[in-house]
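Undergrad: Structure incoming, see below.
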Amino acid sequence: MDSPWHIYLMAVLYILAGINHFRKPHIYIKIIPNYFPNPALLNAISGGTEILLGVLLCIPVVSQYAALGIIALLIAIFPANLFMYSNMEASLGIPKWVLLLRLPLQIVLIIWAYQYTFFIH
């Protein structure tokens, strides 16, 4: 089965986002809620996970597992989005209305990943 072009678009977006965790770690560390230990390690783990899952999306034999991994990752990082919305310092100067719109965007990204899972095929 040939993979649809949009799975590769998703893969590229996650790979680039993951690389950015290492290029500009201070941005991501700043949005990790205070109650999580070792923000630098969590940033590296989430960035590395994004890169790995993006690469795995491009491999048809494991792409469905990667899509499930992306769904899990999006759920795991949701507290950072809430923290950005609720904490002025973590907001990175982004307007509150943009941060509010960003919250349901997670659902859209989850639905996008869901279409590449076992549950659809």
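Undergrad: When the residues of the stretch 17-39 are narrowed to those that are among the β-branched types (Val, Ile, Thr) and more than 20 Å from Leu53 (Cα to Cα), which ends up surrounded by the fewest Cβ atoms within 10 Å (Cβ to Cβ)?
TA: Here the residue is Ile27.
Undergrad: Next question. So how many residues does the stretch 88-103 have that are without any contact (Cβ under 8 Å) to a residue 40 or more places away in the chain and either open to solvent by less than 70 Å² (accessible area, probe 1.4 Å) or closer than 17 Å to Tyr28 by Cα (or both)?
TA: Total meeting the criteria: 9.
Undergrad: Working only within the stretch 65-109, note down all residues that are more than 15 Å from Ile7 (Cβ to Cβ) and among the β-branched types (Val, Ile, Thr).
TA: Ile75, Ile77, Ile94, Val98, Ile107, Val108
Undergrad: Just wondering, is there one or more residues in the stretch 34-42 that are in a helix (DSSP H, G or I) and touching a residue at least 40 places away in the same chain (Cβ under 8 Å)?
TA: Residues of the stretch 34-42 that are in a helix (DSSP H, G or I), as a first pass: 39-42.
This time we only want the ones that are touching a residue at least 40 places away in the same chain (Cβ under 8 Å), so: none.
Within the stretch 34-42 (the criterion being in a helix (DSSP H, G or I) and touching a residue at least 40 places away in the same chain (Cβ under 8 Å)), the answer is no, since none of the residues qualifies.
Undergrad: Turning to a different aspect of this structure: Which residues, counting only those in the stretch 58-87, are under 16 Å from Pro33 (Cα atoms), polar (S, T, N, Q) and open to solvent by less than 20 Å² (accessible area, probe 1.4 Å)?
TA: If the condition is that a residue be under 16 Å from Pro33 (Cα atoms), polar (S, T, N, Q) and open to solvent by less than 20 Å² (accessible area, probe 1.4 Å), then Asn81 is the only one that fits.
The values are calculated or read from the model by the stated rules, or taken from the named source; none is laboratory data. All values reported here derive from a predicted model rather than from experimental measurement. Quick reminder, even Gly has a Cβ in these numbers, built from the backbone with ideal geometry, and neighbours come from all protein chains shown. The area values use the complete protein model at the heavy-atom level, side chains included, leaving out ligands, DNA and RNA. Shrake-Rupley method; radii C 1.70, N 1.55, O 1.52, S 1.80 Å.
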